[in-house]
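The values are calculated or read from the model by the stated rules, or taken from the named source; none is laboratory data. The shown structure was predicted, so the numbers you read here are calculated from the model rather than taken from an experiment. Glycine gets a Cβ as well: all are built from the backbone with ideal geometry, and neighbour counts include every protein chain shown. Surface accessibility is based on the protein's heavy atoms, side chains included, excluding ligands, DNA and RNA. Shrake-Rupley method; radii C 1.70, N 1.55, O 1.52, S 1.80 Å.
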Amino acid sequence: MEKRFAKYSTVTKILIIIGLITYIFGPVSPTSSTELVTTQETRFLMDTTVEIRGIGPESARVVEQAFREMERVEQLLSRYIPASEISTINANAGEWVRISQETFGLIEKAVYYSQLSNGSFDFTIGRLVTLWGFGTEDKRIPSEMEIESAVASVNFAKVKLDKENLSIMIPGDTLIDLGGIAKGYAVDQAAKVLRENSINSGLINAGGDILAIGTKPDGTEWRVGVQDPRKSTELLAVLPLKDLSVVTSGDYQRFFVAEGVRFHHIIDPNTGYPANGLTSVTVVAGEAADADALSTAIFVLDAEQGKRLVEDLDNIEAIIVDESGQVWVSSGLVDVIQLI
Ligand code: AMP
Ligand code: MG
């Protein structure tokens, strides 16, 4: 070994030694890989504005990778992308369709929240969403007959899942729509990319689906504002967050006004009309997919049912605002929330 090493020139030997030191102790320059760099970027994807902030080594590269991951999830789950797995399921309604483990897993979660909320959250809502024109430029009030027919197509219990073969079959007249949970899932996936790449401080905000990674670099918790549903420039409350997600469903996020009435994008599967009674539901959970599904579910439930559901669930907190402007805060948030 020594003899063979002696064969190399002095320059080569020095390079080999530096290489070995770098391998064992990390890069020679002590700051190059551990320096905390802040990267903050905003892009438009999943039909909303997405902001990712990451603080840590190589944050520019990691934030880019997190955006790519969200794009990948959108390509998989959007029903407005013809090649997505959700579009494939919809295009083959009435037949078994084999899908990826990932999509299957998220659909199982959607089924779970559909059951938990007694169908207030129902991912077979697709035809109703289409009818009202959400997801398109063509929003309109449908006729009673159209609504009746679409309501009859909504029933998550009729979706057949075959876990062994990763296959799904939806009824022939049904369309599925993961719009109430997919954004949250995409946020979780972006967070996974950041965490797996040594970003221990960061904030992801996908149009109100927020997830905080760790704390701010100074060690204090992230602070996230909850919007006043009736005053777009004012906050209702501020929440301190550390390794938690907060997601809001509101009637002010996507809507159109016709004949003086606001028609928004969260549909009550029982009536086929936008759910009424509440103006905003904010849910705090460990993962954004859970907070996302629950905020949509609770928005459709009446206030009392929603409050009961939140208090019954472990590690779930919420802020519910009703049409009269009354604000309810769940027991686990009362001591930490800053109401404005
Ligand atoms: P979110 O903004 O998370 O509350 O979700 C609203 C989106 O979920 C809508 O744009 C629809 O795509 C879909 N959606 C609407 N109503 C429901 C419902 N009752 N259950 C499940 N998803 C729904
Ligand atoms: Mg939701």
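Taking each pair of different alpha-carbon atoms in the stretch 127-277 once, compute 1/r for the pair, average those values, and report the inverse of that mean as the Kirkwood hydrodynamic radius in Å to one decimal.
Working: mean 1/r = 0.0548 Å⁻¹.
One over the average 1/r among Cα pairs gives 18.2 Å for the stretch 127-277.
Computed with a 1.4 Å probe over protein heavy atoms only, the accessible surface of the stretch 55-129 comes to 42 Å² per residue.
With θ taken as phi - 60° and the Karplus curve 6.51 cos²θ - 1.76 cosθ + 1.60 applied, the whole-hertz 3J(HN,Hα) list for the stretch 181-197 is 9, 5, 5, x, 4, 4, 5, 4, 5, 5, 4, 4, 4, 4, 5, 5, 10 Hz, x standing for glycine and proline. The length gained on full extension between Ser324 and Tyr252, counted as 0.36 nm times the residue separation minus their Cα-Cα distance, comes to 24.4 nm. Per-atom-type breakdown for the stretch 70-171 gives carbon and sulfur 51% of the accessible area (1.4 Å probe, protein chains only). Can you check what the net charge comes to around Val193, using other residues whose Cβ is under 11 Å from the Cβ of Val193 (Lys, Arg +1; Asp, Glu -1)? Counting the neighbours of Val193, the net charge comes to +1. Mean-square fluctuations from a GNM of the chain, with a 10 angstrom spring cutoff on Cα atoms, peak among Ala186, Ala285, Ala60 at Ala60.
On full extension of the chain, what length is gained from Ser167 through Gln65, given 0.36 nm per residue of separation minus the C-alpha to C-alpha distance?
Numbers: separation 102, 0.36 × 102 = 36.72 nm, distance 2.96 nm.
Separation in residues times 0.36 nm, less the Cα-Cα distance, equals 33.8 nm.
Using only the Cα atoms of the stretch 218-263, build the gyration tensor, take square roots of its eigenvalues as a ≥ b ≥ c, and label the shape rounded, prolate or oblate: rounded if a/c is under 1.5, else prolate if a/b is larger than b/c, else oblate. Prolate, since a/c reaches 1.5 and a/b exceeds b/c.
Report the calculated FRET efficiency for Ala83 and Thr42 (r = Cβ-Cβ distance, R0 = 25 Å), to the nearest 0.05. Could the numbers behind the result be given before it?
Values: r = 26 Å, r/R0 = 1.05.
With a Förster radius of 25 Å, E is 0.45.
Dipole magnitude for the chain: about 1540 debye, using +1 per Lys or Arg Cβ and -1 per Asp or Glu Cβ, origin at the Cα centre.
Note that the stretch 113-121 has calculated 3J(HN,Hα) couplings of 6, 5, 5, 4, 9, 6, x, 5, 8 Hz, one per residue in order, obtained from phi through the Karplus relation 6.51 cos²θ - 1.76 cosθ + 1.60 (θ = phi - 60°); glycine and proline are x.
Projecting the Cα positions of Asn200, Asn155, Gly260 onto the charge dipole of the chain (unit charges on Cβ atoms of Lys, Arg, Asp and Glu, taken about the Cα centre) puts Asn200 furthest along the positive direction. Fully extending the segment from Ala157 to Asp314, taken as 0.36 nm per residue of separation minus the present Cα-Cα distance, adds 54.0 nm.
Give me the Kirkwood hydrodynamic radius of the stretch 84-159 in Å, from all C-alpha pairs, to one decimal place?
Across the stretch 84-159, the inverse of the average 1/r is 13.7 Å.
Temperature 37 °C, viscosity 0.692 mPa s: under these conditions the Stokes-Einstein estimate for the chain, based on its Kirkwood radius over C-alpha pairs, is 150 µm² per second.
Kirkwood radius for the stretch 135-217, taken over all pairs of different Cα atoms as the inverse mean of 1/r, rounds to 16.6 Å.
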